[in-house]
1. For the ranges B:4-12, A:269-277, A:341-349, what's the packing order if you count other beta-carbon atoms within 10 Å of each residue, average per peptide, and put the highest first?
2. For the stretch B:2-148, what is the accessible area per residue in Å², given a 1.4 Å probe and the full set of protein chains?
3. Can you classify the stretch B:112-157 as rounded, prolate or oblate using the Cα gyration tensor, where a ≥ b ≥ c are the square roots of its eigenvalues, rounded means a/c under 1.5, and otherwise it's prolate if a/b beats b/c and oblate if not?
4. In the stretch B:146-175, what trypsin sites (Lys or Arg not before Pro) fall in a loop by DSSP, with at most 10 other Cβ atoms inside 10 Å?
5. For B:ASP192 and B:PHE153 in one chain, what is 0.36 nm times their gap in residues minus the Cα-Cα distance, to one decimal in nm?
6. Interface size between chain B and chain A, please: total buried accessible area, 1.4 Å probe, rounded to the nearest 100 Å².
7. Suppose we keep just the DSSP beta bridges with both residues in the stretch B:2-148; what percent of those would be antiparallel, to 5?
8. D for the protein assembly as shown, whole µm²/s, Stokes-Einstein with Kirkwood Rh over alpha-carbon pairs at 20 °C and 1.002 mPa s: what number?
Amino acid sequence: MKKSNLKKLNDAYADRFGFSMPEKSLINFGFGLSEKVIAAISDAKQEPTWMKEFRLQSLQTFYQKKMPNWGPSLEEIDFDKIRYFIKDTDIEKRTWNDVPKEIKDTFDRLGVPQAERDFLAGVKAQYNSEVAYSSLQKELDEQGIIFCSMEEALQKHEDLFKEYFAKLVPAADNKFAALNSAAWSGGSFVYIPPNTHVKRPLQSYFRINAARMGQFERTLIIADEGSNAHYVEGCTAPVYSEYSLHAAVVEVFVKRNARFRYTTIQNWSGNIYNLVTKRAKVFADGVMEWVDGNLGAKTTMKYPSCFLVEEGAYGEMLSIAYAKNNQIQDTGAKMLHLAKNTSSKIIAKSVSIAGGRSNYRGLVYVSKAASNSKSKVECDALILDSKSATATYPDMKIAGDNASVAHEASVSEIEEEKLFYLMSRGLNKIEAMTLLVAGFIEPIVKELPLEYAVELNRLIELEMEGSVG
Amino acid sequence: MQTVLLQNQKEFSLEPKQNTLYLVLLDKESSIGKIKVDLFFKKSNLNCQLLFIGILKNKSNWYLESNIKHLVPKTSCLTEVYLSQSDESKVDYLGQILIEQKASQTKSFLKEQSLIVGDAVYNRSQPVLEILNNRVKASHSATSSRLNEADLFYLMSRGFTKSEAEKILQEAFFNKILDSIKNKEAKKMIEDYLC
C-alpha cells in the first residue's frame, strides 16, 4: 500500500473509530543477537552516532555479563531464539485464532473492547486513541511537559535525553540491563518542568500505545524541581505475546521537592520471562512512590529501587504479587539511604494460589552518611492452597548512626473463622475467599486510579473462580 | 521448659527436644565470633525456643546464623535474637525459617531486635522465610534502632550522666526478655551474663 493511501486510511480510521492502522516496516533480521542487528536497529531509527556506539558497547557488556546465579531459574531463556527487532508486518500475520482461549475468555469477562483486545493479543500492532491523545497532548504542551516516545525524544530533545539516559541504570548494571541498552525500542520519555503539577495521571488516557510498549522498552522520566506527576504503565487485562522475554529498563529522576508516582500493572501472558530493572534517584525533599502490581508472566524478577541521595528524600514502594498456575513472582524493592534524614517505606503483599510461588526479595541499605534515617518494611503473604509457596528474602544493611529500620513479614492462610462468618451470611466459598483476598490487597488497590482498581478487583475475582475449591 | 546452653562450639546441628529453650550467650570478650545453629524438626508435636543474647562492643565482629527447618506437621518454634551494639561493633545475622510441604499446622516465628548504643556500628540482618505449606503460621520481624532520645533526655534531666542513662535503658531492653523467661536456671544464666 502506498504511504499516502495508508495515511488517508489512518486519518479516516482516526476520525471514525479513534485508532489507526500501523505503518508497515519492511525490515527483517530473524532471530538472534549480533552487532549487525544492533547496528541495524540504530540505523532504522536514524539515531545519532553516540547512541549507536552506546548500543554496540552495551552488546559487548551483555556478552561479558553472567546470568544471575540467584533467584528463579532462567535456564530456559535462549537468547538465540529471540527476535530483537520486530517489524510490524509480522505482528499483523498473527490472527485472532492464534490467541489462547484463556486469554480470550478473560477479555470477554472483563469486557475489554474488541479493538483493544486485538492490540493486547498482538493481533493488531497499534491502538492509538488519537482524539484523546491529541487533546491531552495539547494540555501537556501548554504546561511545557514533554511526553513522547523515546525515539521521538532522542530526535527532538537530544541534549536533555543524553544528559540523563543510562545515568541511573548503566548497561553494566546487570545482564538484562545490558541487553536492554543494546536492543531497546519504544518506551516513554517524560519531562516535567519545575513547579509543574500534572493533574491527570499520564498514560491513563491512552494506556495502550504501540510506541510505548514492547519487548525491550526503555523509559526515562525527569521530574524537575517542585513538580508533581503520576505515571501509569501497563494494564490489568492480560497482554498476549509470543516473545519469551521482556526486559525493560526504567529510570526516574526526582529533583528537589518534586513528587512522582509510578504505577505499573503487569499482566503479561503466562509464557513470558519478565525481567525488569527500575530505579529512581531522589534528590533533597523529593518523594518517589512506586506502585507495582504483578499478575501475569511465567517468571517475574522485578525490584524497583530508590537511591535517596540528598537530605530529606523519601522513597515508597507498594506492591502486590499474584502468583497462580506455577508462576513465579519474584518481586520486591530496594531502598538505598545515601544521605542523612532520608526515609523509606515498603509494603508488599502477595497471594499464591494453584501452584504459584511469590517471593519478596528486598534490600534496605543505610550508608554511613545516612544518619537519622528511617525505614519500614512490611511483607504479608497469603497462601491459598497446599500446592503453592511463598518466601521472603529481605536484607537490611545498616551503617548510619541513629538509623531506625524495622522489618516485619507474616505468612498465613485465609482464616477459617472469617471464611465461616462470610459463608454463614450466604456467600459461597469462592465468593467468601475472593472477598477476603480483595480485603487483603485493598491497602494497595486503593492507591490505583479508579478504573485500574475496579478492573484489578474484577480480574482477581475471575482468577479465583477457576482456582478455588 | 528445660534449658540447654549452647556453648564452646561454633556450629550446632540439633534435633530439638520437647519444651526446650536453647540459649546462646555471645562472648562479651571475644573480638570476632561465629555461631550457627540448625534446628531440624523431624518429630511432630514438638515445641521449642531458640534465644540469642549478645552485648557487642570493642569493635567486635560477629556472624550469627539460625536455620529452623520444619520437616513434619505440628511443630512450633520461637527464635529470638536480642543484641546491644556499641563501640564500632559489627554483626551479620542470617535467620532462616523453612517450612516443608508436609509440615502443616506449623507455627514458627522469628524476632530480632538490635539496640544501637554507640556510634559507627554496623548491623546486617537477613530474616528469611520459605513456606511450602498453606496451613501454617509464620512471621518474622527485625528492628534496629537507637536508644530513644526522649528516654535518654528524661534520665539525664534527673541527674544521670549520659553513660549511666544509656546503661539503664540497655538494662530495660534486656529486662523485657528476662520477664518472659520462666525457667529459673535460664533466667540466672542471662542475669549473670548481663552483669
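The values are calculated or read from the model by the stated rules, or taken from the named source; none is laboratory data. All values reported here derive from a predicted model rather than from experimental measurement. Counting neighbours? That spans all protein chains shown, and the Cβs are built from the backbone with ideal geometry, glycine included. Just so you know, the surface numbers come from the protein's heavy atoms only, side chains and all, with ligands and any DNA or RNA stripped out. Shrake-Rupley method; radii C 1.70, N 1.55, O 1.52, S 1.80 Å.
1. Packing order, densest peptide first, comes out as A:341-349, A:269-277, B:4-12.
2. 40
3. oblate
4. Passing sites in the stretch B:146-175 are B:ARG158.
5. Using 0.36 nm per residue and subtracting the Cα-Cα distance, I get 11.2 nm.
6. Counting protein atoms only, the buried area is about 2500 Å².
7. DSSP beta bridges in the stretch B:2-148 are roughly 0 percent antiparallel.
8. Once the numbers are plugged in, D ends up at 79 µm²/s.
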